[in-house]
Amino acid sequence: MKVLGIITEYNPFHQGHQLHIEQSLKKSQADACICIMSGAFLQRGEPAIVNQWARTEMALNAGVDLVIQLPVSYSVRSAEYFAFGAIKLLEESKIVDYLCFGSELGEIEPLSKIAALIVDEPKQVSRKIKTGLAQGISYPQARSQALIEYIKANQEEFQAPTEKYIKILNNPNNILGIEYIKALIQLKSAIIPLTIKREGSGYHSQQLKEFASASAIRNDLENSYKNNTELIDQRLKKALPQKSSEILYREFNQKRGPIFYEDFSNSILTLLRRTNTYDLENFEDIIGGLENRIKDASIEARSLKELINLINTKCFTQTRIQRILTQILLDLDQRTLKKFDSSGGPQYLRVLGFNHKGRELLKLIKNKSSLPLITKVANHYRSNQEAKSSLQEMLSFDIKANNIYALAYPDQNFRRGNMDFRKQPIIIK
């Protein structure tokens with residue numbers, strides 16, 4: 001059986017995701033599809049619009065056979081660590097033949113060339129990155145500029161105009177795809193990378209149409225929620241597969257969403273106002289005096305949006321700030337993250353859901369993988385015990401993330417913690 005791997009967040013699952021699954025299965029000619037999906041909190045640092053079980057149900061109704069959760073200790077980090085964590089899980093499953101991701105480019109070879117260049121970073125690229133950082137620009141910008149200069153100076157090696165590579169490095173899905181390929185190279189993986197050209201609206205587009213971006217859909221939901229108007233209206237239905245619309249409607253109707261970043265405004269501001277700058281330095285990516293900027297902004301800000309705007313600079317982008325704030329919310333400090341990284345990355349394959357074909361995949365994984373399969377959290381970690389291993393500590397942060405996420409449910413009846421110990425994987429027959 002040929003198996004396709006997909007890495008995603010499905011926040012929420014829309015028509016573009018449906019098309020990507022269909023085209024990926026066709027391109028890879030795979031017989032089954034395994035999906036690595038973020039849980040309660042995502043790569044941009046934001047909470048998911050609905051919980052991971054609802055999003056798993058959407059995926060299983062759209063052609064995915066097995067959904068595995070990416071631990072929060074990798075889902076709320078930069079593209080490099082997000083990609084590494086997800087690729088590590090696909091590799092450690094020991095059953096995946098292909099990885100297929102969406103990109104603005106839609107060609108695998110140029111992305112692979114850049115990934116290989118980053119893995120074996122030449123000294124001149126390293127020097128240019130350091131220069132860029134010293135000038136106060138963000139690391140992604142500094143790296144992008146350094147790579148472009150290197151490509152321009154070595155045009156024959158890259159066999160395409162520099163302008164093409166500039167365009168590649170200016171698009172977020174291309175960059176994430178490069179990180180996926182980089183992780184495959186670093187892990188010496190035999191998984192074959194493929195890419196599908198993204199259709200419809202761009203990553204940041206706010207246009208709501210049939211192939212709308214997830215960002216546009218979330219923005220529309222937030223506006224409707226604030227204005228107390230119908231959430232799943234006819235315009236939004238066109239951008240979503242029918243099953244996704246039905247699941248979102250159910251979750252919203254039962255007051256288990258929608259969840260927005262501002263729902264955690266008071267929690268984050270409270271933590272920041274009571275935390276000293278010395279303790280803030282313990283979190284990943286807080287460098288160059290950023291701890292002072294965060295602390296000062298927390299005293300002035302009246303909302304999470306205002307806080308981010310006060311901290312935001314050319315060097316510290318909104319997404320980077322959101323990730324930092326979410327790591328602080330989860331108490332996911334730099335020491336802990338480094339410990340997980342030095343342990344080799346994700347320590348388990350946590351099953352969120354599967355169908356009949358997914359059940360076959362689980363049997364194969366159980367026979368081939370050295371990582372434990374988790375279908376019942378209590379078999380691996382109990383709520384009243386102290387974590388005694390990297391696996392248990394990593395799992396404890398997933399549980400903590402869901403406990404905090406639950407506090408934002410509109411209906412207080414759903415705000416009880418430890419849902420992870422009660423919730424079984426979603427099974428679609």
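Can you find even one residue in segment 367-381 that is over 27 Å from Leu280 (Cα atoms), hydrophobic (A, V, I, L, M, F, W, C) and in contact with an Asp or Glu (Cβ under 7 Å, 6 or more places away or on another chain)? First the steps, then the outcome.
Within segment 367-381, the first condition is being over 27 Å from Leu280 (Cα atoms), and the residues that meet it are 367-381.
Then keep just the ones that are hydrophobic (A, V, I, L, M, F, W, C); that gives 371, 373-374, 377-378.
If we keep only those that are in contact with an Asp or Glu (Cβ under 7 Å, 6 or more places away or on another chain) as well, we get 371, 377.
Checking segment 367-381: at least one residue is over 27 Å from Leu280 (Cα atoms), hydrophobic (A, V, I, L, M, F, W, C) and in contact with an Asp or Glu (Cβ under 7 Å, 6 or more places away or on another chain).
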Ser103 vs (1) among the polar types (S, T, N, Q); (2) closer than 30 Å to Val377 by Cα; (3) touching a strand residue (DSSP E or B) at 6+ places or on another chain (Cβ under 7 Å): all pass except (2)
Only one of these conditions is not met by Lys113: (1) assigned by TED's automatic domain parsing to the domain that holds Met37; (2) of a type in the set (Lys, Arg); (3) at negative phi; (4) out of contact with any Pro (no Cβ under 8 Å at 6 or more places or on another chain). Which number is it?
(1)
The lone exception for Asn384 - which of (1) over 26 Å from Leu60 (Cβ atoms); (2) in contact with a helix residue (DSSP H, G or I) (Cβ under 9 Å, 6 or more places away or on another chain); (3) part of a loop (DSSP other than H, G, I, E, B) it fails:
(2)
Please go through segment 341-359 and pick out each residue that is closer than 25 Å to Asn61 by Cα and touching a Ser or Thr at 6+ places or on another chain (Cβ under 7 Å).
Leu349, Val351, Leu352, Gly353
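Take the residues of segment 153-184 that are among the small types (Gly, Ala, Ser) and over 19 Å from Pro122 (Cα atoms): which is surrounded by the fewest Cβ atoms within 10 Å (Cβ to Cβ)?
Here is the first cut: in segment 153-184, the ones among the small types (Gly, Ala, Ser) are 153, 160, 177, 183.
Add one more test, that the residue is over 19 Å from Pro122 (Cα atoms), and what stays is 160, 177.
Numbers: Ala160: 14, Gly177: 29.
Per the stated criteria, the residue is Ala160.
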Ala160 - would you say it is in a loop (DSSP other than H, G, I, E, B), under 23 Å from Leu236 (Cβ atoms), among the aliphatic types (A, V, I, L, M) and at pLDDT below 95?
no
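Quick check on segment 100-123. Is at least one of its residues without any contact (Cβ under 8 Å) to a residue 40 or more places away in the chain, within 27 Å of the chain's Cα centre (by Cα) and surrounded by 19 or more Cβ atoms within 10 Å (Cβ to Cβ)? Give the steps one after another, and end with the answer.
Going residue by residue through segment 100-123, those that are without any contact (Cβ under 8 Å) to a residue 40 or more places away in the chain are 109, 117, 120-123.
Now restrict to residues that are within 27 Å of the chain's Cα centre (by Cα): 109, 117, 120-121.
Next, only the ones that are surrounded by 19 or more Cβ atoms within 10 Å (Cβ to Cβ) stay: 117.
Yes: one or more hits.
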Can you list the helices (runs of 4 or more DSSP H) found entirely within segment 202-304 that contain at least 1 residues being among the hydroxyl-bearing types (Ser, Thr, Tyr) and either in contact with a Phe, Trp or Tyr (Cβ under 6 Å, 6 or more places away or on another chain) or assigned by TED's automatic domain parsing to the domain that holds Ile21 (or both)?
242-253
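Looking only at segment 326-343, decide whether some residue is of a type in the set (Lys, Arg) and surrounded by fewer than 13 Cβ atoms within 10 Å (Cβ to Cβ). Outline the logic, then answer.
As a first pass, look at segment 326-343 and keep what is of a type in the set (Lys, Arg): 335, 338-339.
Then keep just the ones that are surrounded by fewer than 13 Cβ atoms within 10 Å (Cβ to Cβ); that gives 335, 338.
Yes - at least one qualifying residue is present in segment 326-343.
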Kindly list, by first and then second residue, each pair from a residue in segment 197-217 that is under 11 Å from His14 (Cα atoms) and of a type in the set (Ser, Thr, Tyr) to a residue that is at pLDDT below 85 and buried (at least 18 other Cβ atoms within 10 Å of the Cβ), limited to pairs with Cβ atoms under 7 Å and residues at least 6 apart or on different chains.
Ser213/Ser201
Out of segment 387-399, which residues are in contact with a helix residue (DSSP H, G or I) (Cβ under 6 Å, 6 or more places away or on another chain), farther than 12 Å from Arg350 by Cα and not aliphatic (A, V, I, L, M)?
Phe397
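Does at least one position in segment 15-30 carry a residue that is charged (D, E, K, R), within 21 Å of Phe211 (Cα to Cα) and touching a residue at least 40 places away in the same chain (Cβ under 8 Å)?
Of the residues in segment 15-30, the ones charged (D, E, K, R) are 22, 26-27.
Applying the additional criterion that residues be within 21 Å of Phe211 (Cα to Cα) yields 22, 26-27.
Restricting the remaining residues to those that are touching a residue at least 40 places away in the same chain (Cβ under 8 Å) gives 22, 27.
Looking for residues that are charged (D, E, K, R), within 21 Å of Phe211 (Cα to Cα) and touching a residue at least 40 places away in the same chain (Cβ under 8 Å), one finds at least one in segment 15-30, hence yes.
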Kindly list the number of the only condition in (1) touching a helix residue (DSSP H, G or I) at 6+ places or on another chain (Cβ under 7 Å); (2) within 30 Å of Cys315 (Cβ to Cβ) that fails for Ile232.
(2)
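The values are calculated or read from the model by the stated rules, or taken from the named source; none is laboratory data. All of these numbers come straight from a predicted model, not from anything done at the bench. When we count neighbours, we look across all protein chains shown, and the Cβ atoms used for this are built from the backbone with ideal geometry, even at glycine.
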